[in-house]
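> Structure in structure tokens, see below.
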Amino acid sequence: MRLIPLALLILLVASACSDNLPRSTLNPVGENAETIDNLFRLTLAIAAVFFVGVNAAVLYVAIRYRARKGDDREPKQIHGNDTLEITWTVIPALILAAIAVPTVQTVFELAEEPADALQVEVIGHQWWWEYRYPELGVVTANEMWIPTDQPVFLSMTTDDEDVIHSFWIPNLNGKRDVVPGRVNTLTISAPEPGVYLGQCAEFCGLSHARMRMTVHAAEPADFDAWVTDQLAPGNVDEDSEGWGLFLDKGCSACHAIGGTEAAGGGLNPGPDLTHVGSRTTFAGGSYQLTTENLKAWLRNPSELKAMEPDANRGMPNLGLTEDEIDTLVAFLQDLK
Ligand SMILES: [Cu+2]
């Protein structure tokens, strides 16, 4: 039985040894994430010094002045000693004041909008993320692309009837609440190409855990190529069976496809599908975008991700036949 706490301790320590930490705030990437990390390290160092000092003093006093056999004198009482009480109030106040200076500086530094930033509007929906690039005209979902040579300024809010979410890519910056009727901002940047994973960090209903997001940081040329691809209209043959089903089954009421009459929007809008076939994941980053997974999704979305279609949240089961599913999945995968 005594070994249980020991085993738990080893487990706790060993869990920090992973070299694959895709969502760690302790691996900061980009200027703002590093600024936050520096503040964290400074505060941690100050706290460590006092932690060690205070504990050493407590240990010393406990040993040095311990009760000894045959000595039953009452120790000297210090209640009401003004000097002592003022001293142990003022010292912590000074420590806090010292930490407050770099903290407040950092808060203001992080709030600044860089002059040359790429603008991205982030819209939280139950349970997926929409991204709009107002200067570029790109609209996409769940997977955000950013260039490595430019900071990115996020203006974040939710859909009108939505709830509070929180945008958090641990490597790239702190987390920021995304609140209905408000616009909160966050600057991220990634000097190296890479894929950074995130997770909605504010409980937002049944599928909160399946509201993830990915940031693809790409070299400027690759980013420009992505933008060009995204700006192209959807690859839709308007005589095809797939397109016919997309209209008949009501997909177009919730999902937009650029360059077609499918405008999306509606009461509980779904992700823009113009280039859904070019994404690697879907359903709030929960599933790889494979044929099998897409089929399972169209068969019954609630099997993959808990949703509340009756309350106009998430995607309803549209009662499709296997043939219709095959046709629609092929249609979706062609939307590159
Ligand atoms: Cu959320």
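> Which residues, counting only those in the stretch 158-175, are crowded, with 18+ Cβ neighbours inside 10 Å, of a type outside the set (Asp, Glu) and within 15 Å of the ligand (Cβ to nearest atom)?
158, 163, 165, 166, 167, 168, 169
> A further question follows. Can you name the number of the only condition in (1) out of contact with any helix residue (DSSP H, G or I) (no Cβ under 8 Å at 6 or more places or on another chain); (2) touching a residue at least 12 places away in the same chain (Cβ under 8 Å) that residue 266 fails?
Of (1) out of contact with any helix residue (DSSP H, G or I) (no Cβ under 8 Å at 6 or more places or on another chain); (2) touching a residue at least 12 places away in the same chain (Cβ under 8 Å), only one is false for residue 266: (1).
> Go over the candidates 207, 189 one by one and state the one that is hydroxyl-bearing (Ser, Thr, Tyr) and within 16 Å of the ligand (Cβ to nearest atom).
207
> Continuing with the same structure: Is it fair to say residue 145 is more than 14 Å from the chain's Cα centre (by Cα) and either free of Cβ contacts under 8 Å to residues at least 60 places away in the same chain or outside any strand (DSSP E or B) (or both)?
So residue 145 does not fit the description; no.
> How many of the residues in the stretch 33-64 are more than 24 Å from residue 96 (Cβ to Cβ) and in contact (Cβ under 8 Å) with a residue 24 or more places away in the chain?
The number of residues fulfilling the criteria is 1.
> Residues being closer than 15 Å to residue 210 by Cα and touching a residue at least 40 places away in the same chain (Cβ under 8 Å): count how many of those fall in the stretch 272-288.
6
Any read-out appearing in this document is the output of simple, stated calculations on the displayed coordinates, not a laboratory observation. Treat the numbers as computed from the prediction; the structure is a model and nothing was measured. Methodologically, a virtual Cβ is constructed for each residue, glycine included, from the backbone with ideal geometry; neighbour enumeration extends over all protein chains shown.
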